[in-house]
Amino acid sequence: MDYLSGLNPQQRAAVETTEGPVMIVAGAGSGKTRVITYRVAHLIQKGVDAFNILVLTFTNKASREMRERIEKVVGNEARNIWMGTFHSVFAKILRVEAEKIGYPSNFTIYDTDDSKSLLRTILKEMQLDDKLYAVNIVLNRISSAKNNLISHTEYLANETIQAEDISNKRPLMGIIYETYAKRCFKAGAMDFDDLLFKTNVLLKDHPDVLNKYQHKFKYLMVDEYQDTNFSQYTIVRKLAAAHHNICVVGDDAQSIYAFRGANIQNILNFEKHYPDLKVFKLEQNYRSTQNIVEVANSIIANNKNQLEKNVFSDNEKGDRIKILRAFTDNEEGKIVAESIAQERALKGLNYADFAILYRTNAQSRAMEESLRKLNIPYKIYGGLSFYQRKEIKDLIAYFRLTFNPADEEALKRVINYPRRGLGDTTLEKISVAADQHGITMWEVICNPHQYLDGRIPAQLNDFVTMIKSFAAESKKLDAYESALYIAQHSGILKELHSDDSVEGRSRFENIQELLNGIKEFAEREDIEDRSLAIFMQDVALLTNDDNDKEKDKDTVSLMTVHSAKGLEFKNVYIVGLEENLFPSQMSLTSRTDLEEERRLFYVAITRAEKKLVITYATSRYRWGTLTSCEPSRFINEINPSYLELEAIKAAKPSFSNGSFDTERKSWSQQRDLAPKSATTSTSSPTLRPKTTTILPKAHVPTAGFTPNAANEFQNGMEVEHEKFGFGKIVNLEGTLPDIKATVFFQGLGNKQLLLKFAKLRIV
Ligand code: ATP
Ligand code: MG
């Protein structure tokens with residue numbers, strides 16, 4: 001059993017304790033995921049049937065990687081393990097059981113766009129103020145009700161909730177929830193939260209089904225347990241109720257989804273629910289250098305609400321953490337891209353060893369631009385997924401309608417795309433008729449003379465005939481042939497082919513890419529049913545990260561900190577460490593939210609194995625306006641002894657007493673120096689952070705800038721250049737009056753300057 005030799009004694013004990021409830025709450029990089037991986041391999045080695053094991057991971061990518069590792073130990077058997085995200089695993093179960101709760105087994109999964117579109121329709125029909133009842137707010141409210149297992153009937157009956165909605169001036173929220181739920185049901189559709197909510201309904205109302213899955217999943221494991229919400233927690237508890245063979249691993253310091261209903265109570269409750277619980281502690285971090293682990297510890301120590309934990313590393317001490325300042329977001333991108341190119345060349349690394357992490361997706365733009373300029377290949381994770389592109393969604397909507405004609409969001413999307421003269425008025429008439437008669441829009445258009453007044457456009461009948469022919473053909477053809485048939489006969493291929501613009505061509509290529517993907521699926525040998533209907537089942541759950549083809553490419557990874565959870569990279573750049581961005585502006589009003597932002601920063605730091613670089617810009621475009629920014633309070637929380645001295649100096653022009661306050665002061669001075677005419681107007685006043693607008697000047701020298709004479713400089717001196725900012729002399733050569741200095745400027749690298757001309761002063 002030599003696979004167990006890759007574990008320390010605590011990890012090994014956790015792996016070998018296969019029976020009864022087990023919990024591991026341990027710091028980042030301590031091998032929690034490794035324990036789950038080995039535990040599954042161990043169970044199979046011990047003779048447990050892989051079909052009886054269920055592993056719930058946070059992303060599809062994580063489960064794919066885990067499966068690959070397990071396969072190395074146990075071989076092909078690994079394919080039979082039930083493994084995936086909560087959403088994908090329970091969507092699969094719902095496909096089998098849907099009819100028991102009144103849904104067709106080919107139910108559609110509504111993605112967030114579909115949910116919002118449906119809500120917009122409902123809000124419009126109810127003639128509600130779309131500012132007060134903003135779609136995002138309404139959707140969040142419904143989502144959090146579902147994640148707390150509150151049905152629309154319970155919502156409407158609950159006086160506390162009603163009172164809350166009334167005090168928020170949104171008394172109709174319950175009615176909207178009810179309408180939304182009923183419309184989804186009528187359309188044979190479940191939204192993302194429904195996949196868990198309906199699983200709960202299924203397990204609650206059908207003891208036979210619960211019993212079946214309790215016996216099927218004899219061993220349950222949950223990674224990233226700290227981020228489960230009540231709905232997920234309840235499913236896990238129910239499934240484990242018969243045998244108690246449940247193992248959860250997590251880290252309260254990495255709980256970063258409270259805003260989506262994740263609840264730290266789930267960790268605490270676990271102990272209460274299972275008195276025979278065995279708790280294992282893992283304290284050694286195997287991922288990162290000592291410096292990185294110490295920095296992470298020092299940051300999280302600022303949080304009041306956390307479980308006591310000791311994390312240490314036996315790895316090398318490693319480089320100190322670098323903090324780099326840029327003057328604009330574009331310059332920040334440039335600094336990061338140049339640093340990656342340099343590090344890669346210097347240390348012989350791959351692009352895949354680098355990750356750039358940011359707080360918000362919008363920050364990727366500046367990074368991408370700079371990476372492209374240096375021809376650095378990169379991949380954005382978790383951004384707008386391939387499956388979210390308009391042309392892909394259009395074609396997929398045809399597929400959806402083919403298999404589930406009740407799917408109203410799909411119908412609305414394609415009834416007049418490509419244009420066939422069935423405009424908004426017709427659509428509205430259909431929608432009203434469907435509502436009046438309590439039937440689906442599809443039923444209306446199948447019998448238009450019965451339900452619609454006035455002239456019925458002939459195209460309506462053609463549309464129905466077309467969709468019906470798609471359904472008939474797809475019964476005869478394989479996934480690829482069906483998809484191609486639909487793409488051709490719906491007119492989508494022709495429509496895109498005729499668009500000769502660059503965008504048009506790229507849209508056409510995307511459709512081809514989708515068809516290629518379906519072709520691969522149709523040729524797979526490890527699955528029995530390779531029909532388009534099966535391909536379609538999980539498409540709504542797919543993300544960009546699931547594109548297998550991209551997997552092996554050597555690229556720099558770009559992603560939000562949220563998507564970086566559980567991952568690790570040799571070199572990590574955390575960018576945009578500024579007040580109002582990280583921590584986000586939204587979080588600044590409450591301690592709870594601020595602590596969540598700090599945990600997010602902790603997650604970001606602990607992704608790094610060898611080298612960590614933190615950057616911030618002093619001005620940045622946000623919401624269409626240039627705003628000046630202050631460095632994040634989190635930078636201030638890092639013990640300066642872990643920082644690279646050079647970096648501290650560069651970041652703090654007037655560093656004197658070991659705190660960043662002096663720096664802030666000098667920055668406000670800089671701001672005052674900036675010409676007022678640079679102020680641009682803001683397009684979104686409500687969202688705008690409280691900052692002053694300044695010019696994106698490369699460097700604004702401190703007041704009273706007087707250059708020194710050429711003979712006053714020495715090697716190693718800290719200097720300030722009028723344009724390049726703060727730097728350090730790394731070499732001097734030549735004789736007076738022609739002395740040439742090589743100065744290292746943060747973010748710019750080395751510059752050669754002739755001292756008699758360069759406006760340089762000693763700081
Ligand atoms: P996170 O909290 O970020 O999810 P984690 O606790 O799940 O982290 P892992 O990802 O399992 O930690 O492990 C971190 C790294 O340390 C991985 O590269 C893993 O292979 C390695 N590792 C864990 N335990 C050991 C060990 N006993 N010996 C050698 N390497 C180990
Ligand atoms: Mg992990």
### Message
Under 6 Å between Cβ atoms, which residue pairs at least 6 apart in sequence (or on different chains) link something in region 572-599 that is farther than 22 Å from Val295 by Cβ and of a type in the set (D, E, K, R) with a partner that is modelled with pLDDT under 95 and part of a helix (DSSP H, G or I)?
### Response
Asp593/Ser587
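Matching residues to (1) surrounded by fewer than 24 Cβ atoms within 10 Å (Cβ to Cβ); (2) at pLDDT below 95; (3) out of contact with any helix residue (DSSP H, G or I) (no Cβ under 9 Å at 6 or more places or on another chain):
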| position | (1), (2), (3) |
| --- | --- |
| Gly566 | yes, yes, no |
| Glu596 | yes, yes, no |
| Leu600 | no, no, no |
| Ser619 | no, yes, no |
| Leu643 | yes, yes, no |
### Query
Across region 11-49, what is the total count of residues that are within 15 Å of ligand 1 (Cβ to nearest atom) and hydroxyl-bearing (Ser, Thr, Tyr)?
4
### Query
Is there a residue being under 26 Å from the mean Cα position of the chain (by Cα), within 16 Å of ligand 1 (Cβ to nearest atom) and not in a helix (DSSP H, G or I) anywhere in region 198-221?
yes
## Note on the structure
Taking region 148-182 and the residues there that are surrounded by fewer than 19 Cβ atoms within 10 Å (Cβ to Cβ) and under 25 Å from Asp407 (Cβ atoms), the one that is nearest to the chain's Cα centre (by Cα) would be Ser151
### Query
Does region 51-62 contain any residue that is farther than 30 Å from Arg389 by Cβ, surrounded by 18 or more Cβ atoms within 10 Å (Cβ to Cβ) and within 15 Å of ligand 1 (Cβ to nearest atom)?
yes
### Query
Quick one: which of Lys317, Lys322 is more than 26 Å from the chain's Cα centre (by Cα), surrounded by fewer than 23 Cβ atoms within 10 Å (Cβ to Cβ), within 21 Å of Asn639 (Cα to Cα) and not β-branched (Val, Ile, Thr)?
Lys317
### Message
For region 422-465, give me each residue that is over 26 Å from Arg389 (Cβ atoms) and not in a helix (DSSP H, G or I).
### Response
Gly438, Ile439, Thr440, Asn447, Leu452, Asp453, Gly454, Arg455, Ile456, Pro457
### Query
Hey, among Gly75, Gly27, which residue is crowded, with 23+ Cβ neighbours inside 10 Å and not polar (S, T, N, Q)?
Gly27
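Please report, ordered by residue number, the helices (runs of 4 or more DSSP H) entirely within region 18-136 with at least 2 residues that are in contact (Cβ under 8 Å) with a residue 40 or more places away in the chain and away from ligand 2 (no atom under 16 Å from the Cβ).
32-45, 86-97, 112-125
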### Query
What are the residues in region 560-607 that are on the phi > 0 side of the Ramachandran plot and either in contact with a Pro (Cβ under 8 Å, 6 or more places away or on another chain) or polar (S, T, N, Q) (or both), if any?
Asn580
### Message
Just checking, does region 359-378 include any residue being part of a loop (DSSP other than H, G, I, E, B) and surrounded by 15 or more Cβ atoms within 10 Å (Cβ to Cβ)?
### Response
yes
### Task
Starting from region 301-313, take each residue that is in contact (Cβ under 8 Å) with a residue 12 or more places away in the chain and among the β-branched types (Val, Ile, Thr) and list its partners that are surrounded by fewer than 18 Cβ atoms within 10 Å (Cβ to Cβ) and assigned to a strand (DSSP E or B), counting only C-beta distances under 6 angstrom and pairs at least six apart or across chains.
none
### Query
What are the residues in region 295-317 that are more than 12 Å from ligand 1 (Cβ to nearest atom) and part of a loop (DSSP other than H, G, I, E, B), if any?
Ala301, Asn302, Asn303, Lys304, Asn305, Gln306, Leu307, Glu308, Asn310, Glu316, Lys317
### Task
Specify the residue that is surrounded by the most Cβ atoms within 10 Å (Cβ to Cβ); the eligible residues are those in region 709-728 that are more than 19 Å from Ile323 (Cα to Cα) and hydrophobic (A, V, I, L, M, F, W, C).
Phe713
### Query
From the residues in region 235-294 that are of a type in the set (Lys, Arg) and within 16 Å of ligand 1 (Cβ to nearest atom), which one is surrounded by the most Cβ atoms within 10 Å (Cβ to Cβ)?
Arg287
#### Entry: Test result for Phe86, within 30 Å of Tyr286 (Cβ to Cβ) and more than 16 Å from ligand 1 (Cβ to nearest atom)
yes
#### Entry: Residue satisfying condition, being in contact with a Pro (Cβ under 8 Å, 6 or more places away or on another chain) and surrounded by fewer than 17 Cβ atoms within 10 Å (Cβ to Cβ), within set Lys475, Lys494
Lys494
### Task
Starting from residues that are aromatic (Phe, Trp, Tyr) and more than 16 Å from ligand 1 (Cβ to nearest atom), keep the ones in region 568-594 and report whichever is modelled with the highest pLDDT.
Tyr573
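The values are calculated or read from the model by the stated rules, or taken from the named source; none is laboratory data. Since the model is a prediction, treat every value here as computed from it, not as a measurement. Positions of Cβ are backbone-derived with ideal geometry, glycine not excepted, and every protein chain shown enters the neighbour counts.
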